[in-house]
Amino acid sequence: MKKVLCAILAGLCIISMSAITAFAADGGQEFTTYTESPDTPGEELLFVTGDMDELTGYDAKGGIGVDLHNLASGGTAYCLKNDTSTWYDFEVSEKTDVTFYIGYIARPGSNRGIDYSVDDPKGEHRVFIDLEESADQQWVSGTFTVEAGKHTFYLYAPTGMDDSNLKSCDVYTIELYGNPASDSAATTATEDTATAEATEMEAPVLDYPSMDVMANSGAGYATLEEAAASIGKTAVTDVTFVTGSNGYGNEGPENLWDNDTATKFCTNEFPTQSIAMYANPITVDGIIMATANDNSSYNNRSPFEWAIYVSADGENWTAIAYGDDTFFEETDFTYYAGTIASPVEGVKYVYFQSEGALSGTFQVSEVVLTGTAGEAAPATTETEAPAAETEATVETEATVEETTAPETEAPETTAEETVEAPAETTEAPKTFDAGVIAAVAAAVSAAGYAISKKRK
């Protein structure tokens with residue numbers, strides 16, 4: 001029995017020595033360290049060693065043996081220093097969740113690290129990995145998602161390396177494995193409600209509105225809930241990305257709507273565009289946006305001109321907010337909130353558009369609307385009244401379709417006025433009394449004035 005117990009204890013010791021250690025980098029991404037070669041499920045996309053012949057390319061800065069060490073034909077490892085980099089090309093046939101493994105030795109005595117990025121030739125979006133120090137080889141693992149096509153995986157000397165307090169490591173292997181990307185449960189659920197029109201929707205380039213620059217509530221907040229509470233509103237997060245413009249690697253426009261500040265929309269292509277769709281029409285009364293992982297390190301990435309538009313049908317858009325980079329501060333993972341002038345009912349689509357950033361690179365991690373989910377669309381007993389009665393004096397808690405019908409029949413109404421109508425209607429008393437005819441006339445007049453002030 002003692003022998004059996006000793007064998008069990010020995011086995012547990014071995015397991016504990018090879019157990020994984022999870023930690024988070026500054027960018028908020030979680031990585032895992034292995035002390036023994038890990039299992040690697042998924043399709044092998046890349047497996048290379050530290051042999052120079054297996055590189056796609058490298059930037060040696062001061063030269064091999066100076067800033068990029070031990071890089072030779074037939075070599076087993078190399079060491080990145082002084083902002084040097086190496087990179088490796090790979091390809092996927094569909095949207096893929098990629099898991100990477102870097103085999104390394106980070107010798108004890110100093111803090112050590114390494115940076116990585118995807119499809120980032122200038123190294124502007126690298127992510128720092130704080131490595132576990134050991135005299136033995138280890139493996140660090142992380143994940144990213146890419147669309148179908150060709151991509152490049154980059155390794156860099158660690159950000160902030162001074163070769164004293166922070167040093168690099170010896171790289172032995174780079175491995176990439178892929179599995180078809182899996183969407184979240186929320187995304188899957190809402191996709192069932194999406195129409196064919198939404199799937200094929202293209203983001204139009206809209207005029208920026210002539211309205212005051214929106215100010216935030218006066219402070220930044222660590223959580224979405226705190227930001228919403230600062231303006232006395234409720235965040236609506238049941239939303240699905242539809243379409244948008246290009247981003248860097250896995251830093252595309254879809255990240256604005258995933259309720260995760262660790263992901264971001266980052267690009268140098270303008271205008272930036274991102275459209276999302278709600279599962280049910282909502283009533284909007286405020287907006288919240290968040291900075292990304294490294295705004296404090298890379299300043300002037302917040303948009304210097306931006307606007308948020310809403311729509312009931314995905315074709316006619318109404319601007320609800322306009323602003324510049326003063327809405328944000330140079331902070332990381334921080335939410336900022338603001339209120340709109342009048343609530344807008346019947347919102348099915350939301351559209352974020354911006355014109356650039358002073359640094360030439362734009363990034364925002366989250367866009368969230370506040371309001372009431374699903375209350376603008378459900379019919380009441382009054383909404384079942386005939387259309388003729390609605391057009392007369394009985395103004396019920398109408399759906400967007402009932403509100404827009406008389407608006408589109410007016411000769412002077414434009415496409416954008418159709419969606420603006422609900423915003424003006426909400427300014428009337430909630431009882432929707434017999435004075436609604438005057439309110440509707442005022443709405444048409446105000447909408448015409450707003451459009452006349454719009455600018456490119």
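Considering only residues in segment 337-374 that are in contact with a helix residue (DSSP H, G or I) (Cβ under 7 Å, 6 or more places away or on another chain) and charged (D, E, K, R), the one that is nearest to S274 (Cα to Cα) turns out to be E366. Kindly check whether there is at least one residue in segment 343-353 that is at positive phi and part of a loop (DSSP other than H, G, I, E, B). The answer is no; no qualifying residue exists.
Note on segment 93-119: residues that are surrounded by fewer than 22 Cβ atoms within 10 Å (Cβ to Cβ) and either among the acidic types (D, E) or over 16 Å from I174 (Cα atoms) (or both) amount to 10. Every test in (1) over 19 Å from V236 (Cα atoms); (2) over 19 Å from the mean Cα position of the chain (by Cα); (3) crowded, with 22+ Cβ neighbours inside 10 Å is passed by S354 save one, and that test is (2).
Residues in segment 138-163 that are buried (at least 20 other Cβ atoms within 10 Å of the Cβ) and closer than 22 Å to T40 by Cβ: Q138, W139, V140, S141, F144, V146, H151, F153, Y154, L155.
Over 27 Å from the mean Cα position of the chain (by Cα), outside any loop (DSSP other than H, G, I, E, B) and at pLDDT 90 or above - does that describe any residue in segment 180-189? Scanning segment 180-189, I find no residue that is over 27 Å from the mean Cα position of the chain (by Cα), outside any loop (DSSP other than H, G, I, E, B) and at pLDDT 90 or above, so the answer is no. With respect to being within 30 Å of S117 (Cα to Cα), in contact with a Pro (Cβ under 7 Å, 6 or more places away or on another chain) and of a type outside the set (K, R), F265 fits the description. Screening the candidates G142, G149 for the property of being more than 24 Å from S296 (Cβ to Cβ), of a type in the set (G, A, S), modelled with pLDDT of 90 or more and not assigned by TED's automatic domain parsing to the domain that holds F265 yields one hit, G149. When you check V205 against the structure, is it among the β-branched types (V, I, T), farther than 18 Å from T372 by Cβ and either in contact with a strand residue (DSSP E or B) (Cβ under 8 Å, 6 or more places away or on another chain) or assigned by TED's automatic domain parsing to the domain that holds H151 (or both), yes or no? In short, yes.
Pull up segment 152-168, narrow it to residues that are hydrophobic (A, V, I, L, M, F, W, C) and at pLDDT below 95, then point me to the one that is nearest to K264 (Cα to Cα). So the residue we want is A157.
Regarding D212, is this residue under 18 Å from the mean Cα position of the chain (by Cα), modelled with pLDDT of 85 or more, surrounded by fewer than 16 Cβ atoms within 10 Å (Cβ to Cβ) and not assigned by TED's automatic domain parsing to the domain that holds V92? Answer is no for this residue.
Results for (1) surrounded by fewer than 20 Cβ atoms within 10 Å (Cβ to Cβ); (2) closer than 17 Å to A203 by Cβ; (3) touching a helix residue (DSSP H, G or I) at 6+ places or on another chain (Cβ under 7 Å); (4) not assigned by TED's automatic domain parsing to the domain that holds L358, shown as yes or no for each residue.
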{"residue": "T223", "(1), (2), (3), (4)": "yes, no, no, no"}
{"residue": "T237", "(1), (2), (3), (4)": "yes, no, no, no"}
{"residue": "E269", "(1), (2), (3), (4)": "yes, yes, no, no"}
{"residue": "D294", "(1), (2), (3), (4)": "no, no, no, no"}
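Looking only at segment 98-140, residues that are among the acidic types (D, E) and not in a loop (DSSP other than H, G, I, E, B) come to 2 in all.
The values are calculated or read from the model by the stated rules, or taken from the named source; none is laboratory data. None of these values were measured; they are calculated from a predicted model. In this analysis, Cβ positions are derived from the backbone assuming ideal geometry, glycine residues included, and neighbour counts consider all displayed protein chains.
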